[in-house]
Amino acid sequence: MKLTKEIKTAILVISGILLFIFIFYYLKGENILDDSKKITAVYDNVEGLATSAAVTINGHKIGKVQSIEFTDDRSGKLNVNMLIDSDFEFSKNSTAQLYEAGLIGGKAIAIIPAFDGAPSVKSGDFLSSDVKPGLTDLVNQRLTPLQEKMETMMVSADTLLGNLNTLFDTQTKENIKSSIAELSTTIASFKSTSESLNNLVVDNTSDIGETITNFNKISEDLTTLSNSLAAADLDTIMVDLKSTISSFDQLLTNIENGEGSVGKLMKDDAVYNNLEGATKQLEQLLEDMKLNPKRYVHFSLFGKKAKQYDSEGNQIKNNK
């Protein structure tokens, strides 16, 4: 069968249209001859993510970002369309995590696969989205509190310096200088005293050594005395002491009860009264002997008879 010119022209036009459609979709990142799966994830912000960015699972590239476009609800969120070329199956409950691929490598999307028994992902499915903080975000999270603390510290330091400037007026500065000068003088005096003490110790080294020797001897004597006391029969001494105390206590009890001579003397009023009367009479006798010695003592060389007196001291006349 001979093809006419019109049929050839039609085949050529149709081929050109198909080639144009193929190239158009290829440039968009889609291969109409491939069985790639197209899935979508919604993000609030995709700063740094570009089309053709890698889509990975456990670091292995399984696809790429096909397009980024705003959602239809005018919320400002972004649909990120991804083409998955791998036949690796994972649950539609998996998560598409946006992460920083490197300091200058932009961002990429990592699929965190879920193996929960749910149906596998297929074209047209939406995955839940997540954003992993990058190095810049982590640095900002660390630096922001530190910056705030440094600012607070600077304000406090400025206030402290202001207070110090107010506190240290001219008079205070002069007082501090005077105190430092006096401290230097004190240190010099202490140094001189220390040197004097050092010289004193050096000059009396022998005396100090003798004193230490004497102290050691005294310590040895005390040790010997302690050993002697330890070796003594303290139990017998304590028993004897206890017996003596008991006897003394019994003696005091007898005296208190009026037993014995001392007890009767202390407790019997009659004995006391008799003793007091005898003492009084003895005093009267001594007084009378002092006043009238001739009444009691008579001495005569010629045998003269002594005069007699009655109880009242009157002379008794003898009638011949």
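The values are calculated or read from the model by the stated rules, or taken from the named source; none is laboratory data. If you're wondering where the values come from, they're calculated on a predicted model, not measured in any experiment. So basically every Cβ, Gly included, is an ideal-geometry build from the backbone, and we count neighbours across all protein chains shown.
So for region 54-68 (the condition being without any contact (Cβ under 8 Å) to a residue 24 or more places away in the chain and touching a strand residue (DSSP E or B) at 6+ places or on another chain (Cβ under 7 Å)), does at least one residue qualify?
yes
Based on what the data block shows, is ASP87 of a type in the set (Asp, Glu) and over 16 Å from ALA41 (Cβ atoms)?
Judged against the criteria, ASP87 is a match.
Considering each of GLU69, GLU100 in turn, give the residue that is surrounded by fewer than 13 Cβ atoms within 10 Å (Cβ to Cβ) and in the same structural domain as LEU127 (by TED's automatic domain parsing). First the steps, then the outcome.
Details: GLU100 fails: surrounded by fewer than 13 Cβ atoms within 10 Å (Cβ to Cβ).
Unique residue meeting the criteria: GLU69.
Between LEU265, LEU229, LEU225, which is at pLDDT below 85, surrounded by 11 or more Cβ atoms within 10 Å (Cβ to Cβ) and assigned to a helix (DSSP H, G or I)?
On the way: LEU229 fails: surrounded by 11 or more Cβ atoms within 10 Å (Cβ to Cβ); LEU225 fails: surrounded by 11 or more Cβ atoms within 10 Å (Cβ to Cβ).
Of the residues listed, the single one that is at pLDDT below 85, surrounded by 11 or more Cβ atoms within 10 Å (Cβ to Cβ) and assigned to a helix (DSSP H, G or I) is LEU265.
Quick test for you: out of SER123, SER128, pick the one residue that is surrounded by fewer than 15 Cβ atoms within 10 Å (Cβ to Cβ) and not in a loop (DSSP other than H, G, I, E, B). Reasoning before the result, please.
Working: SER123 fails: not in a loop (DSSP other than H, G, I, E, B).
Sole residue among the options that is surrounded by fewer than 15 Cβ atoms within 10 Å (Cβ to Cβ) and not in a loop (DSSP other than H, G, I, E, B): SER128.
For region 171-192, indicate whether the set of residues that are surrounded by 10 or more Cβ atoms within 10 Å (Cβ to Cβ), modelled with pLDDT under 80 and not charged (D, E, K, R) is non-empty.
Yes - at least one qualifying residue is present in region 171-192.
Going residue by residue through region 132-140, is there one that turns out to be in contact (Cβ under 8 Å) with a residue 40 or more places away in the chain, surrounded by 10 or more Cβ atoms within 10 Å (Cβ to Cβ) and either within 30 Å of ASP87 (Cα to Cα) or assigned by TED's automatic domain parsing to the domain that holds ASN81 (or both)?
No; the residues of region 132-140 include none that is in contact (Cβ under 8 Å) with a residue 40 or more places away in the chain, surrounded by 10 or more Cβ atoms within 10 Å (Cβ to Cβ) and either within 30 Å of ASP87 (Cα to Cα) or assigned by TED's automatic domain parsing to the domain that holds ASN81 (or both).
Which is surrounded by fewer than 15 Cβ atoms within 10 Å (Cβ to Cβ), at pLDDT 90 or above and either more than 60 Å from the chain's Cα centre (by Cα) or not in a loop (DSSP other than H, G, I, E, B) (or both), of LYS61, LYS2, LYS8?
On the way: LYS2 fails: at pLDDT 90 or above; LYS8 fails: at pLDDT 90 or above.
After ruling out the rest, the residue left standing is LYS61.
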